[in-house]
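Peer 1: What follows is a structure written as structure tokens; I'll ask about it next.
The values are calculated or read from the model by the stated rules, or taken from the named source; none is laboratory data. Because the structure is a prediction, the values reported are computed rather than measured. Cβ placement follows ideal geometry from the backbone for every residue including glycine, while neighbour counts extend to all protein chains displayed. The area values use the complete protein model at the heavy-atom level, side chains included, leaving out ligands, DNA and RNA. Shrake-Rupley method; radii C 1.70, N 1.55, O 1.52, S 1.80 Å.
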Amino acid sequence: MEVDVMKKVPVREQEPLVRAKNFDEVCYGYTLEEAQAEASRCLNCKNAQCMKGCPVSIDIPGFIQQIKEGNIEEAYNIISKSSALPAVCGRVCPQETQCEGKCIRGIKGEAVSIGKLERFVADYAMEHGLKPRKENEPNGIKVAVIGSGPSGLTCAGDLAKKGYDVTIFEALHQAGGVLVYGIPEFRLPKERVVAKEIENVKALGVKIETNVVVGRSVTIDELLEKEGFRAVFIGSGAGLPKFMNIPGETLNGVFSANEYLTRSNLMKSFREESPTPIMKSKKVAVVGGGNVAMDAARTALRLGAEVHIVYRRGEEELPARVEEVHHAKEEGIIFDLLTNPVEIIGDDKGWVKAIRCVKMELGEPDESGRRSPQAIEGSEFDIDVDTVIMSLGTSPNPLISMTTKGLEINKKKCIIAEENTGKTTRDGVYAGGDAVTGAATVILAMGAGKDAAKAIDEFIKG
Amino acid sequence: MYKILSRTNLTDIIIKMEVEAKRVSDRCLPGQFVIVRCSEDGERIPLTICDYDREKGTIVLVFQIVGASTKVMAELKEGDSFTDIVGPLGMPSELCEMDIEELKKLNLVFIAGGVGTAPVYPQVKWLKEKGIKADVIIGARNKDLVILEDDFKNVAENVYVTTDDGSYGRNGNVCVCLQSLIDEGKTYDKCIAIGPLIMMKFAVQLTKKLGIPTIVSMNPIMVDGTGMCGACRVHVGDEIKFACIDGPEFDGWLVDFDEAMRRQTMYKTEEGRKMLELEEGATHHGGCGNC
Ligand SMILES: Cc1cc2nc3c(=O)[nH]c(=O)nc-3n(C[C@H](O)[C@H](O)[C@H](O)COP(=O)(O)OP(=O)(O)OC[C@H]3O[C@@H](n4cnc5c(N)ncnc54)[C@H](O)[C@@H]3O)c2cc1C
Ligand SMILES: Cc1cc2nc3c(=O)[nH]c(=O)nc-3n(C[C@H](O)[C@H](O)[C@H](O)COP(=O)(O)OP(=O)(O)OC[C@H]3O[C@@H](n4cnc5c(N)ncnc54)[C@H](O)[C@@H]3O)c2cc1C
Ligand code: SF4
Ligand code: FES
């Protein structure tokens with residue numbers, strides 16, 4: 001296979017106009033031949049910059065060299081030492097700002113396609129039944145993990161490898177956190193990828209008890225005092241949706257992105273036969289410009305609607321990953337930028353009929369460096385829609401902090417935890433992921449889970 | 001897990017089940033609810049906890065068949081299991097948080113309508129255990145739809161049954177009954193009304209006029225029941241509350257019932273279609289006239 005060393009080996013994708021009508025995965029991933037060709041672009045740097053950009057410090061040149069030589073199993077062993085969810089990360093990590101953002105190849109040409117290579121290795125491992133290895137014999141010491149998102153799964157997996165008897169408590173009926181209820185099938189297949197990676201964590205001996213809302217079904221105090229857990233890790237995420245507080249937000253046809261995505265992903269309502277309904281919309285406005293907004297928009301599109309992204313800043317300020325914006329545009333999502341909703345208008349039966357917006361212009365950059373948008377007076381106009389999906393961010397659910405003695409939170413309702421250990425203000429209780437940082441990324445949540453596993457091990461061994 | 005230990009039909013369409021759910025029965029209090037699923041890809045259905053036995057590790061659910069999912073649930077038999085039960089969810093009834101001595105001084109009246117009669121039961125039972133008296137008005141359309149009357153007689157001070165058609169007990173709806181009790185000289189300091197939205201709406205209109213502060217239990221459409229989706233938004237005064245975490249009980253004087261009723265019909269057409277599919281099976285093609 002011919003390789004242009006300056007460019008990534010292209011990856012095959014479903015045609016935009018075909019995939020806009022189905023929920024199958026957009027990206028097909030590399031074949032062995034393509035993966036080896038891409039791997040040959042890696043310079044195997046002594047002082048590998050890519051690793052510095054990886055929050056879980058995967059030995060990137062190490063596994064890429066193994067691909068080059070055709071030892072995919074060995075490549076998998078290298079990755080799985082550092083990451084419990086490589087098939088997920090290879091698909092959803094923002095590599096462009098992490099490992100690939102730092103890759104030496106990226107200075108003159110395109111960075112090595114580290115994410116796609118990681119995905120290739122993980123998919124190969126799944127197809128060939130490769131599993132992560134346990135490092136220590138069971139020690140019988142019980143540790144509880146709250147939440148089965150990336151932070152909880154990672155923390156649980158690492159502790160189980162060290163020999164601990166770990167139980168994950170999950171509020172929903174299915175494990176996976178945002179990976180199952182938030183990120184859509186067409187970016188992250190649930191049965192083929194997420195369920196398999198969770199099986200791998202279980203294969204290390206981790207138990208998962210679903211349908212347990214900690215704070216309601218049981219408290220952290222009870223877990224520590226009555227159920228014999230020596231330590232607790234909180235990885236409960238940031239699931240509480242925000243609304244805009246503009247008139248009309250309780251009209252029929254206004255949803256949070258969380259509700260819309262949960263119906264489609266967790267409850268599978270994108271399938272005709274699912275008993276859980278989802279709105280059959282004709283024209284949808286998605287308010288917001290992040291990854292979650294892109295996912296909601298692309299879901300609505302696949303369910304047959306014309307979809308507008310309504311975002312108050314400009315294209316450059318869109319917080320979503322470049323790849324997601326690119327995919328959304330290819331599929332035919334319409335971007336109404338520098339546009340801000342001021343009211344949702346209903347018909348006489350209380351259903352959404354339009355969203356009233358104002359045009360915005362960007363002022364001077366604020367402290368965060370982002371230019372703050374200001375409304376242009378008299379620029380009000382209506383976009384006729386039957387559905388509005390609010391995607392304005394989320395914050396941590398206060399349920400756990402409200403019901404746990406001595407667990408402190410900050411102004412943003414995030415649990416206060418030490419940077420490199422996840423240690424909270426309550427002895428024996430650790431936390432990480434979105435519950436601590438607010439909405440962030442899969443890999444940062446995993447990094448936090450890893451750090452906490454190490455700290456919990458040190459805490460218990462005293 | 002979640003095994004059904006007993007099942008009784010209270011009416012043709014209201015079913016009572018006692019189910020194993022240890023984590024729920026350990027901690028639940030009156031006013032809280034669970035979310036159940038009865039098949040692998042089933043809908044998440046919120047149901048109020050209508051009784052609980054901490055020793056046996058069981059809870060009692062009472063539900064009415066109204067749509068596709070409750071219909072599937074009604075097919076479960078003794079010995080079968082629910083796929084999932086999560087809870088207890090929501091806040092316990094305000095009564096459980098109040099000072100017992102204060103409560104003893106109050107004249108309490110419960111208004112229970114239709115299947116909403118069942119969730120009233122654990123509250124009255126809890127009060128009785130604490131030595132607190134309460135009157136209960138049970139409303140139903142007709143004699144055949146009156147449920148749990150005997151159970152209430154064991155725990156309530158007075159039980160007044162009223163039917164819309166007068167076929168049993170008093171004649172008229174629950175509002176007529178409350179008004180006549182007041183006319184007969186009863187006084188109440190607090191009312192708890194649980195039933196269909198339309199009943200709660202009119203009950204609240206009356207208690208406002210009578211000056212009796214009233215708690216209602218809201219049953220909006222829900223998905224997760226943990227505060228994650230916002231499907232359960234209700235206007236209470238100027239504020240938007242999530243019924244699954246802030247409620248489900250709210251100050252009835254402040255609830256926007258018209259909005260709540262409108263929001264409950266959000267999926268009506270789609271649910272209606274699902275119900276039809278279920279009834280007519282695969283042969284249903286939308287009634288083209290040729291099939
Ligand atoms: C639609 C969407 C798209 C995204 N896309 C990307 C992407 O492309 N790339 C990327 O890197 N990141 C993405 N993110 C962000 C990323 O998914 C999150 O940062 C990450 O999942 C956080 O992991 P976590 O383990 O902290 O929490 P979560 O994944 O949120 O998991 C928390 C879990 O805890 C459970 N829980 C909560 N409270 C309790 C309780 N009281 N008791 C028991 N269990 C509880 C929840 O049910 C949930 O399962 C996206 C997020 C969303 C919503
Ligand atoms: C906190 C809470 C507690 C509840 N407790 C009980 C209970 O103890 N017993 C019980 O029988 N029901 C209870 N409900 C209502 C029950 O959840 C619904 O009846 C059920 O979800 C309907 O599902 P379905 O698919 O069978 O009907 P659907 O097909 O979804 O609905 C059929 C009809 O019922 C209406 N409907 C939809 N959702 C609701 C709802 N949440 N409440 C009332 N009507 C609705 C629809 O508009 C439609 O006309 C409770 C609801 C909540 C939110
Ligand atoms: S920085 Fe780029 S070229 Fe260097 S080792 Fe990492 S992936 Fe290979
Ligand atoms: S049901 Fe989802 S937030 Fe209340």
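Peer 1: Filtering the range B:238-262 down to residues that are away from ligand 4 (no atom under 12 Å from the Cβ) and in a helix (DSSP H, G or I), which residue is farthest from the other protein chains (Cβ to nearest Cβ)?
Peer 2: B:257
Peer 1: I'm trying to understand the selection: among the residues of the range A:216-236, which are part of a loop (DSSP other than H, G, I, E, B) and more than 9 Å from every other protein chain (Cβ to nearest Cβ)?
Peer 2: Matches in the range A:216-236: A:226, A:227, A:228, A:229, A:230, A:235, A:236.
Peer 1: Out of all the residues in the range A:238-295, which are among the acidic types (Asp, Glu) and more than 23 Å from the chain's Cα centre (by Cα)?
Peer 2: Listed by number, the residues that qualify are A:249, A:272, A:273.
Peer 1: Out of the residues in the range B:45-71 that are more than 16 Å from ligand 4 (Cβ to nearest atom) and aliphatic (A, V, I, L, M), state the one that is nearest to residue A:273 (Cα to Cα).
Peer 2: Ranking the qualifying residues of the range B:45-71, first place goes to B:68.
Peer 1: For the structure I just gave you, tell me whether residue A:424 is open to solvent by 20 Å² or more (accessible area, probe 1.4 Å) and among the hydroxyl-bearing types (Ser, Thr, Tyr).
Peer 2: When the stated conditions are applied, residue A:424 does not pass them.
Peer 1: Please specify each residue of the range A:225-242 satisfying the condition of being open to solvent by 40 Å² or more (accessible area, probe 1.4 Å) and not basic (Lys, Arg).
Peer 2: A:225, A:227, A:228, A:236
Peer 1: So which helices (runs of 4 or more DSSP H) are wholly in the range B:57-161 and hold at least 1 residues that are free of Cβ contacts under 8 Å to residues at least 12 places away in the same chain?
Peer 2: B:94-97, B:100-105, B:117-129, B:149-155
Peer 1: Do we have residue A:38 as at pLDDT 90 or above, within 11 Å of ligand 3 (Cβ to nearest atom) and buried (at least 20 other Cβ atoms within 10 Å of the Cβ) here?
Peer 2: It is true that residue A:38 is at pLDDT 90 or above, within 11 Å of ligand 3 (Cβ to nearest atom) and buried (at least 20 other Cβ atoms within 10 Å of the Cβ).
Peer 1: Given the conditions (1) open to solvent by less than 10 Å² (accessible area, probe 1.4 Å); (2) under 17 Å from residue B:92 (Cβ atoms); (3) not polar (S, T, N, Q), report the number of the one that residue B:128 does not fulfil.
Peer 2: Checking residue B:128 against (1) open to solvent by less than 10 Å² (accessible area, probe 1.4 Å); (2) under 17 Å from residue B:92 (Cβ atoms); (3) not polar (S, T, N, Q), the one that fails is (1).
Peer 1: Restrict the check to the range A:378-388 and report whether at least one residue is closer than 29 Å to residue A:142 by Cα, out of contact with any Phe, Trp or Tyr (no Cβ under 7 Å at 6 or more places or on another chain) and open to solvent by 70 Å² or more (accessible area, probe 1.4 Å).
Peer 2: No, the range A:378-388 contains no residue that is closer than 29 Å to residue A:142 by Cα, out of contact with any Phe, Trp or Tyr (no Cβ under 7 Å at 6 or more places or on another chain) and open to solvent by 70 Å² or more (accessible area, probe 1.4 Å).
Peer 1: Restricting to the range B:220-237, give me the number of residues that are more than 7 Å from chain A (Cβ to nearest Cβ), surrounded by fewer than 24 Cβ atoms within 10 Å (Cβ to Cβ) and not in a strand (DSSP E or B).
Peer 2: Looking only at that region, the number is 4.
Peer 1: Further question: Go through the range A:250-266 and report how many residues are more than 7 Å from chain B (Cβ to nearest Cβ) and either on the phi < 0 side of the Ramachandran plot or not in a loop (DSSP other than H, G, I, E, B) (or both).
Peer 2: So the count comes out to 9.
Peer 1: Would you point out which residue out of A:93, A:99 is touching a helix residue (DSSP H, G or I) at 6+ places or on another chain (Cβ under 6 Å) and under 25 Å from residue A:191 (Cβ atoms)? Lay out the reasoning, then the answer.
Peer 2: Numbers: A:99 fails: under 25 Å from residue A:191 (Cβ atoms).
Answer to the check: A:93.
Peer 1: Pick from the range B:3-48 the residues that are closer than 22 Å to residue B:145 by Cβ and aliphatic (A, V, I, L, M): which of them is nearest to the other protein chains (Cβ to nearest Cβ)?
Peer 2: B:45
Peer 1: Kindly provide the set of residues from the range B:65-84 that are away from chain A (no Cβ under 14 Å) and touching a Leu at 6+ places or on another chain (Cβ under 9 Å), ordered by number.
Peer 2: Answer for the range B:65-84, where residues must be away from chain A (no Cβ under 14 Å) and touching a Leu at 6+ places or on another chain (Cβ under 9 Å): B:78, B:79.
Peer 1: Might you let me know whether the range A:260-273 holds any residue that is within 29 Å of residue A:417 (Cα to Cα) and either open to solvent by less than 40 Å² (accessible area, probe 1.4 Å) or within 16 Å of ligand 1 (Cβ to nearest atom) (or both)?
Peer 2: Within the range A:260-273 (the criterion being within 29 Å of residue A:417 (Cα to Cα) and either open to solvent by less than 40 Å² (accessible area, probe 1.4 Å) or within 16 Å of ligand 1 (Cβ to nearest atom) (or both)), the answer is yes, since at least one residue qualifies.
Peer 1: Which of the residues belonging to the range A:328-373 are out of contact with any Leu (no Cβ under 7 Å at 6 or more places or on another chain), among the hydrophobic types (A, V, I, L, M, F, W, C), open to solvent by less than 60 Å² (accessible area, probe 1.4 Å) and not in a helix (DSSP H, G or I)?
Peer 2: A:335, A:337, A:338, A:342, A:345, A:354, A:355, A:357, A:358, A:362
Peer 1: What are the residue pairs meeting all of these: first residue in the range A:99-126, first residue under 13 Å from residue A:11 (Cβ atoms) and polar (S, T, N, Q), second residue more than 16 Å from ligand 1 (Cβ to nearest atom) and open to solvent by 10 Å² or more (accessible area, probe 1.4 Å), Cβ atoms under 6 Å, and 6 or more apart or on different chains?
Peer 2: As it stands, the answer is A:113/A:8, since those pairs meet every condition given.
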